[in-house]
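S.K.: The structure under discussion is supplied below as structure tokens; questions concerning it will follow.
The values are calculated or read from the model by the stated rules, or taken from the named source; none is laboratory data. Here the structure is a predicted model, which is why all the values come from computation and not from measurement. Using ideal geometry, Cβ is built from the backbone for each residue, glycine included, and neighbour counts are taken over all protein chains shown.
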């Protein structure tokens, strides 16, 4: 039996019917694909009711696919946990290498966000969708 270690809890007004053990967005809906979650729902909740959410600790989350223990996790379109995509930058084949540091943009001033938010790390593996795994929230 998997157990949770709840370090912080809150509540949010449900903007739609919410399912227990899914990532919940800041807008009171199931978290969207690749979006940052406010927390994980602790109970099935009807629209207009207050939903208890866990915001810190190791909590149970429903998987949306195959997940390896230790993987960083994102949300799918239904608030289920899926493995986050690794971020990488590559130079296209045939491109000319930049050798002048004067041509390098100032990345500190450029700013920006990765296209996918990591909401936690898998403590357990999932063989497929619909399993409940422990997730360390971030």
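S.K.: Of everything in region 1-19, what is over 15 Å from residue 77 (Cα atoms) and touching a strand residue (DSSP E or B) at 6+ places or on another chain (Cβ under 7 Å)? Give them in sequence order. Even if it seems obvious, please write down each step before you answer.
M.R.: Within region 1-19, the subset over 15 Å from residue 77 (Cα atoms) is 1-15.
Correct list: 2, 4, 5, 6, 7, 8, 9, 10, 11, 12, 13, 14.
S.K.: Among (1) more than 19 Å from residue 138 (Cβ to Cβ); (2) in a loop (DSSP other than H, G, I, E, B); (3) modelled with pLDDT of 95 or more, where does residue 11 come up short?
M.R.: Only one criterion in (1) more than 19 Å from residue 138 (Cβ to Cβ); (2) in a loop (DSSP other than H, G, I, E, B); (3) modelled with pLDDT of 95 or more is unmet by residue 11, namely (2).
S.K.: Considering only residues that are surrounded by 17 or more Cβ atoms within 10 Å (Cβ to Cβ) and not in a strand (DSSP E or B), which ones fall in region 39-60?
M.R.: Once the filter is applied, which keeps residues that are surrounded by 17 or more Cβ atoms within 10 Å (Cβ to Cβ) and not in a strand (DSSP E or B), region 39-60 yields only 42.
S.K.: Would you tally the residues in region 13-34 being under 16 Å from residue 63 (Cα atoms) and under 14 Å from the mean Cα position of the chain (by Cα)? Before the answer, list the steps.
M.R.: The initial filter retains those residues of region 13-34 that are under 16 Å from residue 63 (Cα atoms), namely 18-24, 30-34.
Okay, now just the ones that are also under 14 Å from the mean Cα position of the chain (by Cα), so 21-24, 30-34.
Adding up the residues that qualify gives 9.
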